[in-house]
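> For reference, the structure I am asking about is given below.
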Amino acid sequence: QVQLVESGGGLVQAGGSLRLACAASGRTFSTNTMGWFRQAPGKERIFVASITGDGGKTLYADSVKGRCAISRDNAKNTVYLQMNSLKPEDTAVYYCAARPRLSYQWNYWGQGTQVTVSS
């Protein structure tokens, strides 16, 4: 059982930066692959980035590659998403998700945090 709470969203001008954080419960946090997704109103939820339990492998959507960096601090049970050079099309609710070891699905989701990028 995992609970996730996102923070760090807000309003930023195009070209600006934000750092999102996701605080996770659970003793086994370090074994979970963690991910970030986003969903704009009326659109499908899409993948943004992920990181393996030990931080050894990261994966990014093409739309954010080079502008975003995912990281984790297992001692704090927290995963981060640093977003730079933000664009209006980055506007969405951003969700944190967890995939436990041996799971083929994203089993746990946070409540989301709003990111709005103005032009």
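The values are calculated or read from the model by the stated rules, or taken from the named source; none is laboratory data. Small disclaimer: the values here were computed from a predicted structure and weren't measured. Note that each Cβ is placed from the backbone with ideal geometry, even for glycine, and that neighbours are counted across all protein chains shown. Heads up: the accessible areas ignore ligands, DNA and RNA and are worked out on the full protein's heavy atoms, side chains in. Shrake-Rupley method; radii C 1.70, N 1.55, O 1.52, S 1.80 Å.
> Where the accessible area of segment 1-114 is counted over protein heavy atoms with a 1.4 Å probe, how much of it, in %, is carbon and sulfur? It would help to have the intermediate numbers written out before the result.
On the way: 3010 of 6250 Å².
Roughly 48 percent of what the probe reaches on segment 1-114 is carbon or sulfur.
> Something else about it: Assigning unit charges at the beta carbon (Lys, Arg +1; Asp, Glu -1) and nothing else, what dipole magnitude in debye, to the nearest 20, does the chain show about its Cα centre?
Charge dipole of the chain: 200 debye, to the nearest 20.
> Check the chain for me: any Cys whose beta-carbon has no other cysteine beta-carbon within less than 4.7 Å?
Taking the Cβ cut-off of 4.7 Å, the unpaired cysteines of the chain are CYS68.
> Might you tell me the accessible area per residue for the chain, computed with a 1.4 Å probe and given in Å²? Walk me through the intermediate numbers first.
Numbers: 6480 Å² over 119 residues.
Value for the chain: 54 Å² per residue.
> Show which lysines lie in cross-link reach of LYS65 when reach means a straight Cα distance below 18 angstrom and same-chain residues fewer than eight apart are skipped.
Within the straight-line cut-off, LYS65 pairs with LYS57, LYS87.
> Could you give the dipole magnitude of segment 54-101 about its Cα centre, charging the beta-carbon of Lys and Arg +1 and that of Asp and Glu -1, in debye to the nearest 20?
My answer is approximately 180 debye.
> Right, something else. Of GLY53, THR113, MET83, whose Cα points farthest to the positive end of the dipole of segment 46-119 (charges on the beta-carbon: +1 Lys, Arg; -1 Asp, Glu; origin at the Cα centre)?
GLY53
> So, in Å, what gap is there between the alpha-carbon centers of segment 86-110 and segment 10-51?
Computed from Cα coordinates, the inter-centre distance equals 5 Å.
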